[in-house]
Every structure is written in C-alpha cells, then in structure tokens.
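The values are calculated or read from the model by the stated rules, or taken from the named source; none is laboratory data. All values reported here derive from a predicted model rather than from experimental measurement. Cβ: placed from backbone, ideal geometry, glycine included. Neighbour counts: every protein chain shown.
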Amino acid sequence: MVSLTFFREFTMDISANPARPSLVGRLRAAVEVKPLNLKPYEKSWLGYVYLAPGLLIYLVFIFIPILNTFRLSFHNWTGFTEPVFNGLDNYIELAGNQRFWSALFNNFFFVIFFTIIPILIGLFITSLLTRTHISGLTAYRVGLFIPQVMSTVAVGIIWRWMLNPRFGPLNVMLRSIGLEALARPWLGDFTWAPYAVGAIGAWVGYGFTMVLFVAGVQSINPELYDVARVFGANPWQEFRYVTLPGLRRQIVVAFVIRFIAAMRIFDLVYVTTEGGPGGITRVVSYELWQNAFQVNKAGYAAAMAVVLTTIILLVSFITLRIQARLAYDED
Amino acid sequence: MNTAAKPSILPRNLSTHIILSLFLLAAVMPLIGTLLTSFKDPTDLAASPFALPREWHFENYEKAWSQARFGDYFVNSIVVVVAVVGISVFLTVLSGYAMGLLKFRGKALINIMILVGLMVPFEAVIIPLWGLMRDLKLYNTIWSLILPQVALSFSFGTFWMQAYFKGVPGDIVDAAVIDGCTSWSMLWRVLFPMAQPSILSMVVLLFIWTWNEFLLVLVMIQKDSLRTLPVGLASLQGRFSTDLSLVAAATVIVTVPTLIVYFIFQRQFISGMISGALRG
Amino acid sequence: MKNHRSLFVLVLLGLLLLSLGMVSAQDNVTLVVWDIHPTSPQSDVINQLNAEFEENHPGVTIERTAYTFEDLKTVIALGLSSDDGPDVSLVNQGFPDMGALVAADLLLPLDDYAEQYGWNERWSPGLLARNSFSADGKEFGTGSLYGVSTTAEIGGVFYHKDMFAEYGLEVPTTFEEFQTILDTFANEGIRPFAFGPLAGSHSLHYFFTIQHSLSNVEWLDNFIYRRGDVRFDTPENIEAAAILQDWASKYFPEDFTGLERETARSLFYNKEHPLMIDGSWMGGNMIENNLGDEVGFFLMPRHTDGETPLAFGGWSLAWAIRKTTANPDLAAEYLEWQTGERAAELWAGIGDVPAVGLEDRSNIQYSIQNDILDAWESANKTNGVGHYLDWASPTIYDTMKADLELLMAGQITPEEFAADIQRDYESGAPS
C-alpha cells in the first residue's frame, strides 16, 4: 500500500474509509515519503526537472516572501525606503498598541460565530440524519454549500442589504410581525455590529460543517448504530456515544479550518463596516492591511503578520495534537 | 422498498425535512433577494424585499456592465482565472508526478517546504510580495495577479496530484515501462488521461478560489482597468452615483459565473472542498 | 471579380492621394494632446472640441491620445521629457504628479498666459492654488500656475422643493435660517437629513460641510498645504463637531448608523427625508431618477451673516503644457479653448459642472443643473471653494471616520474628537 497524503485521506472520508490513522500520523506520512521502486531506469535528476518550473515560481512568490515577512518584522520599513534593522521595536510597539489588542480580541470573539456556532449547527443537523434515510439529501447539500462558492465581497454586500435598517429583509420581517422594537441598524450599532458581522460568518460556515459531518457519518460503521439500538440507546445516547466519537476527526478539521477563517477575516469587514462603528469591529488583517499599504508602516505590519501566523499555526497544531492524543487513548 | 414502514417514518422524516429546508432557505434567500433587488428601481426598494419588481429594470445590468465597468472587470477575471488554472494544472501535473512516482533525493524536505505554503496564511506573504512585484516591475500588471496565485495553487495542487499519482496501481506503471515508455510519454499518454477526474476537481477548486481572490488584487492593482470583479464590486460602494439596485446587479454579475461552475461540477467541488479544505 | 479589382485600385489610389496630402500637411503644425477620456460621452466632447479647434486654426492638426487616468499617470513623465511627447496633456494635481513634473522641469509655467487670457479673474485664487507649485516642486498651492481645469465638483445640500413648499420654507441664506428649517421638519416628526455613514465617506462630507460653514479659506489652505503652525483643534472645528453631534441626535435618521450612502440616497429619492448633503456629481443621478426638477441644490450658508458660502470641493485634472514644446502659444490657446465657454457648453450638456461656469443656459433642461451651476459659479467668484480635509494626511480618513462615529454616538466629546484629529495630523506630517 502506498502511503497517502493528508488530502487523499479526506477524499476517502466521503467514500467510507474505515481505517483512520491519526491526523498527526497522516501529516507525518505526508511528509515522510517512501520512495517507490518502480522504475529503476529513471534517472534521479528527472524528478528535479519535472519539479523545477513550478517549484521556482512557488519559491519566488510564496516561500521566500514568507521568510522575508519574518525578516522585515525586525526592520523599520516604509515599503519604499531601505529597511533599517530595529530589533524588537515593532513587536514592542505591537504589544503596547491598544488598537492591535482590541483587533486581536475581536478575532477571537469572531471564533464563536465563524467556528463554534457552525460546528454546533452542523452537529445538530447531523444528529437528525443519522437514524433516517432522507431523500433528496443531495439537493440540500448543493443548496447549503452555496455560500462556500461565493466571493466574500459579494457575501458582504448581500448581507449589508439583508441587514439594511430600512429595506433589509431582517428589519422588514421584524416590523411585519410586530417586533418593531427589535429592529436595529445592525451593522452600525455599537452593541450589535460585532454580532451582525459574526452572524454573517456563521451563515457562511454552517453549510460547510453540515456537509462535512454528514459525509463523515456515512463513514461510521453502521453496525455501531445497530448495536446501539439493540442496547436500547435513545437518540441522545446514540449521538453521544456513536456519532460524536465517530465524527471527532471531522470536528477537528472543521474547527481548524473555521478557526483560520475567523483569524483571517478581512474582506467581510472591508465591505460591511470598515472596522466601524468607532473601530469596534476592527480585526488584525484589516489593521495589517492599513498599516502596510495605507500608512507605510510595512515593517510593523510584518510583525503583525508574524503574530497572526504564529497564532494560527499554534492553535492548529495544538488542536491536531489533542485529537491525536484522544485517538491514541481510545486505542 | 418497504412501504409498510413508511407511515411510521414519515412524521420524523417530515420534521427533518422541515429543519433542513429552513437552513437551506437561510442559505439561499439572501441571494434570491439580491437577484430581485437587481431588477428594481431605486425608488421601488421600499416595498417588501422579496416582492417581485414592479417593473423589470434590466438596465441596472447594462449600467453595471458598461458604466460601472463590470464588463472590463469580467474580462480581467476570466483572463486571470484561465491563466492561473491553466498554468497551475500543467505545473502540478509535472510536480505531482515527480513527487508521487519518481525517485530522487530531498523529497521530504521539498514536501515540507510546499506544506509551509499551505499552512501559512496569505497575510504572511503579501507585504514582501508587494515590494517584490515593484522591484520586478510587475506591480499593477496582470502578472502580479497570475504569478502569486500560480504559486499558491502550486502548493495545493502538488499535494493534490501527488496523492493521485501515488494511488496509481503499480502494474499500470510496470506495463508502460515494459512498453518502452519514457517517463514523459508515460505521464502524458498513460497517466494524464487517467487523472482527468482528479484534475477536474482541482480545476473547479482553483477556478473558484482564484475568481474570488480579493486581498492580492486589492494590494497589487491600482489601475481601474485591471481590476477583477470582487475588487470592482468592493470599490463600487465608495464611488459616486451608485444605487442599491446597481450594486445588487453588480453582485449578481460577480456571483453567477462561480455558481454556474458550481452547479455543473457540484460533486467535484463539494468533495474537493471537504478533502482539500486545509487551503482555506 | 473584375469589379472588385477596379475597386481595389481605386482604394489604393485614394490612399495614395491621402498620404500625399498628409505629407504636404507636414508643413503645418501638429499639436499632440493627451487626455484621460477614452470612453463616451467624455471622449465625444473632446473630439468635438478638437474638430472645432482645427476648423478655427487651418493648418493645425490635433493628434489625440486618450489614456485611462491610471495609464496616463505612468506614461506622463516619459512623454513630457521626449521631443515627440504631448504638447498639451492633462496632469493630476498634488505632489506625486504635478509636483514631481514641476521639479523635473517638464512643465511650462503659465503665468504670462494667465495674464493674457484673464485666467486669474476667471477662477478664484483657491482653485488656481491647486494647480500651482513653487519652481522646485516643493511647495504646493503657491508659486507659478502650471495648469487650468475643465470641470468641477462642490458639496452642498440637496432638497425636495415640494416638501419645502409644503411647510412654507425657502432656501436659507444664513445658518440660523437653515437651523430653523431643520427644526421645522423635526417638529413635524420628520428627520430632515438622509444620511448613510456605514462603510463610506458620507459622515466626512457632512462634517466638511458644517466645518466649512464656520471655517475660512486661509485656514483650510494652510491645513491642506501644511503651511505655518496650523492646528486642527480650533474653537471653530470643535463647534463644528458639536453641531454634528447635535444633528445626530435630532436630525439624522434614528437608524443612521446602519445606513450606507446608497441607502441614504434611495431614502432621499423616496422623500422619506427632505434634505441630503452630497456632491454636485449627484446631479446626473437625480435626473436619472426623474427628480431633475423636483430637487434643488444650495450651498450651506455661513454662520456669520453676510458672508458668502464656503463649500468643500475641487476641480478636475489640469491641462498643462510641455516645457519644450515648439508651439507654446498655440498650446496655450488650446488650453483656453478646452476650458472656455464652448467647452463649458459641451461639458454641461453631458451633466458635468464646467469650472468656468455656464453663461448660456438655453440648453439646460432641468432646474437641478441650474442650481448646481449657480452654486459653483458663486463659490468660484467669491473664492468659496474649500477642501476635502482627508487629503491632509494618509491616515486621516480612517481616523476621522472612526472618530465621527464615536462622536455621533456620544462616546467622545467634540474636544476629544478635535484633539484626536490633531494627533493624527501631526503624526501624518511628511518627515
């Protein structure tokens, strides 16, 4: 059996794959490639030739810039002049900047909406689907996935209209059912704007988690459900002891992906609130963009990029590690 | 099927259907409402948001297309997407083949390097990339959009195609070798045709990601004539003399191409998204 | 077949004659002109003007190239430094564009021609300052004139005439009268202003309008051109902020924080609010929405009685002349033509505001166009064209937008607002 990558494994989820090694194991497998002994006649330099053109573009336009971001974060750089080394100054400024901290806090606040709520909705729907066969599931799946296909800018513009205080369907509906008092200028309201932006994130996210989990359930051994039923498990117990453990990997993947989405919010804030009202929906990527490209503090913005990247990588790895530990304990 | 069991199952299924339908409705209603708004007159907006337009105003699209330059943006988007996807497919078929089937030193290291591109957010690339593009005199050209997105697609596509090539049954390769195929002809004559489904999924994913890219275009392109659709849409709000129905029409123009591709290839997209989701 | 051949010969012969004609025309003058109007209807205006100019100047051929705004910015320096470059070109204002070209000694100072054609009388000093630089390109808004502009924009108040009539109101001439109008509507339970500050610049334009009604041209010029020891936290600016705060609680829509500018416009079209502050560029949009005669436009009156209005605004790219042109006099004549009365007529015809104003209004169809032209002409005559204050520093747009939101929500005081903008202004100073 050839070793499979990370991604191949995910593909196989949908086509019912009973053997599921831990994520970290798979990550490692993806990295530790076992060479194949298929073609003794192949000269080893051929591999480099095939790889070279793409790898060159990748190195120049992605890999080296990543290293440069790290380097520039220790420099005073306007984006136009020669970078001047300034040690940890950018990081010190960052640590003392209240705007940055509130932006970072907002990103974590948005995790609730972009990440946690979609996972809960996804689990709820999935629990409804485990015991019964639903006809037309494909149609639901296709429809629910639509927000994943749309440009975030379009999503933002559409929701600006949805939440428009006068013409927006939400307030129109509230007024028509006599709940006028609940109508708000959602995106411009000092209390509600963060929730409104968050709700848009939840809307984008839940189709993804639902489809991911429903696909995952199909790979759970049906015998487990039969056994549960023989033992007289009620729907909650069935969910708790069969579905939930069976979906652990999908939940972790959903968490990591949606967590990254929450940390990287940019387009949505750019088109809905521009960080307002009064800066209460500012997020790190927006601050980064402004500092780097509007205010000519590119070195400082690079430090922001490093912090953002570190948080994303750290949380992703910790989550994957915990999942791997749990899977190990189970075995 | 078991018709006897149906009556007892129906109520439960019905409630599930209702709940699913509600979520489905929530997912598609905003889009439908926008579509309706795009045909309305600005003075017709006060009516119920989901009411049909009093009169169908197709000129909102005409205005968006020519006056607001969405025709130009559309062409730019198509050019960028076709170039990025075309170049990426060619490069990643090569690299995936090398990584998946060929034997050479340093493969593990290269894999880690490529993995970095998948794990690190684009925010960690964009600042030096901006400087690089200016140094290369590519800033404010279509290449400043194509090259970075080819590079981004390369890291994803290499993993994707590598997985495919690793899964190729050994006896097919053996047979090709016995037939005297060179590695080049084996790739394009034998393996490439077999890889079509896998490549198609990748094409659909890359199409939609590239179509929707925002930050890169926002940073690299200052010329209005080179903007792609999402950035054109975002800049529409700041411009003078726009109204909500024009904005809605523009939103539809941005969204419809991805929706068409999605509806045709939904199976590939959904399975691809789930399996390749880490790029997000 | 034979027919085709003879036709071909004929065409060839025609082309030959044509090229002969072109060769002989080389004795005459060719004026190379670059502009930024590649699309209709602006392009048609330029073509029409060029054709008429050629007609009036036998022997002169205009060789026109229309770039996009962005493309022109990239090619202009190279073009102006070569001998076959444009004799006349549109040039963007400000340090990176006109300033750099002046510093590189590529533009012809127009002071003599200004005298000859009376440009100094035609346009207010505040406008001419925008096209002026010191000879080294280091000081903006002073020194020699390097260009003249065709069209203009100005911020003011749009209002529904019938709603004014309904309550017996008239166009105000003092700020006090304006205040009375606001209160009249407010007392009737109508929030007077259509206002949409969400994700956009509407709140800035409202603030500029109030601020200009209290401020003066000297302070504005000093602030924008960073002359002298100018500060933002003046009593006038604090008062302006206080007025905006007051308006927010009494005269803006209750849900204004969630409205974007497009929504505000729709609400104004629907007559849910009688007034809206916006720019002259909205005139065409009003006409498109069948409000060309229903809606009027006026400039915000001053707080001090008897003073003429001061409104934020500006004018379009400047027509400038290459320093090394062989035909400076002809080029200057072309500038005069492009900014003169005939040009004004054509630009007004497509809904633009000619910077020179418009004497002959016989072709004007809608009253809103007349209102806007009147407003511009009077502001130009009385040096009443101010500035977009967010030009003063790269960060000031963002700072002011966030601070205005806080101010309107009552979360900061007018004093805190002014102090914060002052901080931003200081930090944005070029080092």
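Give the number of residues within segment A:78-134 that are surrounded by fewer than 18 Cβ atoms within 10 Å (Cβ to Cβ), more than 23 Å from A:Arg282 (Cβ to Cβ) and of a type in the set (Gly, Ala, Ser).
1
Among the residues of segment B:167-197, count how many are within 12 Å of chain A (Cβ to nearest Cβ), surrounded by 12 or more Cβ atoms within 10 Å (Cβ to Cβ) and not in a helix (DSSP H, G or I).
So the answer is 4.
Can you give me the number of residues within segment A:153-172 that are away from chain C (no Cβ under 11 Å) and either buried (at least 22 other Cβ atoms within 10 Å of the Cβ) or small (Gly, Ala, Ser) (or both)?
6
What number of residues within segment C:70-100 are under 22 Å from C:Trp337 (Cβ atoms) and of a type outside the set (S, T, N, Q)?
Total meeting the criteria: 11.
I'd like the full set of residues that are within 23 Å of the chain's Cα centre (by Cα) and either farther than 17 Å from C:Ile368 by Cα or not assigned by TED's automatic domain parsing to the domain that holds C:Phe193 (or both), limited to segment C:263-278.
Within segment C:263-278, just C:Ala264 meets the criteria.
Name the residue, out of A:Trp203, A:Trp186, that is in contact (Cβ under 8 Å) with a residue 12 or more places away in the chain and within 14 Å of chain C (Cβ to nearest Cβ).
Going through A:Trp203, A:Trp186 in turn, the sole match is A:Trp186.
May I ask you to list the residues in segment C:401-431 that are loosely packed, with under 15 Cβ neighbours inside 10 Å and of a type in the set (A, V, I, L, M)?
C:Ala429
Residue check: is B:Phe207 free of Cβ contacts under 8 Å to residues at least 40 places away in the same chain, touching a helix residue (DSSP H, G or I) at 6+ places or on another chain (Cβ under 8 Å), assigned to a helix (DSSP H, G or I) and surrounded by fewer than 22 Cβ atoms within 10 Å (Cβ to Cβ)?
In short, no.
List the residue pairs whose Cβ atoms are under 8 Å apart, where the first residue sits in segment C:366-386 and is at positive phi, the second is outside any helix (DSSP H, G or I), and the two are 6 or more positions apart or on different chains.
C:Asn383/C:Ser124
Determine if segment C:326-345 includes at least one residue that is in contact (Cβ under 8 Å) with a residue 60 or more places away in the chain, buried (at least 20 other Cβ atoms within 10 Å of the Cβ) and basic (Lys, Arg).
The answer is no; no qualifying residue exists.
Take C:Leu259 and tell me if it is more than 14 Å from chain A (Cβ to nearest Cβ) and surrounded by 19 or more Cβ atoms within 10 Å (Cβ to Cβ).
No.
Within segment C:76-127, restricting attention to residues that are within 19 Å of the chain's Cα centre (by Cα) and polar (S, T, N, Q), which residue is nearest to C:Ser393 (Cα to Cα)?
Going through the qualifying residues, I end up with C:Gln93.
Among (1) at pLDDT below 85; (2) part of a helix (DSSP H, G or I), where does B:Gln268 come up short?
(1)
Can you name the residue in segment C:170-191 that is assigned to a loop (DSSP other than H, G, I, E, B) and touching an Asp or Glu at 6+ places or on another chain (Cβ under 9 Å) and, of all such residues, is surrounded by the fewest Cβ atoms within 10 Å (Cβ to Cβ)?
The qualifying residue surrounded by the fewest Cβ atoms within 10 Å (Cβ to Cβ) is C:Glu170.
Looking at segment A:272-290, is at least one residue aromatic (Phe, Trp, Tyr), within 10 Å of another protein chain (Cβ to nearest Cβ) and not in a helix (DSSP H, G or I)?
No: zero hits.
Provide a single number: the residues in segment B:69-123 that are small (Gly, Ala, Ser), more than 7 Å from chain A (Cβ to nearest Cβ), under 22 Å from B:Leu145 (Cβ atoms) and crowded, with 19+ Cβ neighbours inside 10 Å.
Looking only at that region, the number is 2.
Pick from segment C:301-331 the residues that are touching a strand residue (DSSP E or B) at 6+ places or on another chain (Cβ under 7 Å) and among the small types (Gly, Ala, Ser): which of them is farthest from C:Asn380 (Cα to Cα)?
Among them, the one singled out is C:Ala331.
Looking at this structure, is B:Lys137 more than 9 Å from every other protein chain (Cβ to nearest Cβ) and of a type in the set (Lys, Arg)?
yes
Only one of A:Arg175, A:Arg248, A:Arg229 is more than 8 Å from every other protein chain (Cβ to nearest Cβ) and under 19 Å from the mean Cα position of the chain (by Cα). Can you tell me which?
A:Arg248
Taking C:Asn289 as the residue in question, decide whether it is at pLDDT 95 or above, farther than 30 Å from A:Trp192 by Cα and not hydroxyl-bearing (Ser, Thr, Tyr).
Spelling it out, it is not the case that C:Asn289 is at pLDDT 95 or above, farther than 30 Å from A:Trp192 by Cα and not hydroxyl-bearing (Ser, Thr, Tyr).
Count, please, the residues in segment A:273-321 that happen to be among the hydroxyl-bearing types (Ser, Thr, Tyr) and over 25 Å from A:Leu187 (Cβ atoms).
Result for segment A:273-321: 5.
Please return the ranges of helices (runs of 4 or more DSSP H) entirely within segment A:36-139 where 3 or more residues are within 8 Å of chain B (Cβ to nearest Cβ) and more than 30 Å from B:Asp135 (Cα to Cα).
Correct list: A:45-58, A:117-129.
Looking only at helices (runs of 4 or more DSSP H) that fall completely inside segment B:53-164, which ones have 2 or more residues that are closer than 30 Å to B:Ala176 by Cβ?
Per the criteria, B:70-101, B:107-119.
Please go through segment C:307-332 and pick out each residue that is assigned by TED's automatic domain parsing to the domain that holds C:Ile210 and among the charged types (D, E, K, R).
Within segment C:307-332, just C:Glu307 meets the criteria.
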